[in-house]
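Peer 1: Before I ask anything, here is the structure I am working with.
We did not get these values from a lab; they are worked out from the coordinates using the rules stated. Being a predicted model, the structure only gives us computed values, none of them experimental. For neighbour counting, all protein chains shown are included, and Cβ atoms are generated from backbone atoms with ideal geometry for every residue, glycine included.
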Amino acid sequence: MAAEGDTIAGALCDVMEQALIDKGIAPDLARALAKRACEPSLVKAEQKVRRKVRRGAKAANKKLSAAFKEANKRLRTKSGQLRKGKTQGDVARLAHRLKKKM
């Protein structure tokens with residue numbers, strides 16, 4: 001399977017090189033561009049290992065989420081706008097205070 005993929009990739013590189021030459025780019029430059037575009041990246045793209053969220057952090061996130069819902073409920077009108085004189089910062093401060101009490 002990998003050999004088949006390499007063959008296809010090589011063929012695509014040749015097609016790309018020929019297309020560049022047909023567009024009027026110098027053959028040596030077209031060859032260099034096609035080679036560079038088709039060679040695998042030297043830096044292996046390593047996937048970051050996603051760590052599990054610890055129990056304490058998960059609990060804190062849930063509490064903060066609930067606190068933000070309550071703070072928004074208190075500081076917003078029925079239409080969803082902030083009450084007069086209140087800001088997003090006020091909502092955040094209230095949410096953190098409420099979280100402490102939970």
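Peer 1: Beta carbons within 10 angstrom, averaged per residue: use that to sort the peptides 11-18, 76-83, 65-72, highest first. Walk me through the intermediate numbers first.
Peer 2: On the way: 11-18: 14.2, 76-83: 9.2, 65-72: 15.8.
Descending mean neighbour count gives 65-72, 11-18, 76-83.
Peer 1: Nearest 10 degrees, 0 to 90: what angle lies between the long axis of helix 27-38 and the longest principal axis of the chain (Cα atoms)?
Peer 2: Approximately 40 degrees, to the nearest 10.
Peer 1: Which pairs in the list Lys58/Lys86; Lys62/Lys84; Lys48/Lys69; Lys63/Lys86; Lys48/Lys100; Lys48/Lys73 are over 26 Å apart, alpha-carbon to alpha-carbon?
Peer 2: In this structure, Lys58/Lys86; Lys62/Lys84; Lys48/Lys69; Lys48/Lys100; Lys48/Lys73 exceed 26 Å between Cα atoms.
Peer 1: Hey, if you put +1 on the Cβ of every Lys and Arg and -1 on every Asp and Glu Cβ in the chain, which of Ala71, Pro27, Ala37 ends up farthest toward the positive end of that dipole?
Peer 2: My answer, from the dipole projection, is Ala71.
Peer 1: Give me the net charge of Leu82's neighbourhood, meaning all other residues with Cβ under 9 Å from the Cβ of Leu82; Lys, Arg count +1, Asp, Glu -1. Mind dumping the intermediate values first?
Peer 2: On the way: positive: Arg76, Arg83, Lys84, Lys86; negative: Asp90.
Neighbour charge sum, excluding Leu82 itself: +3.
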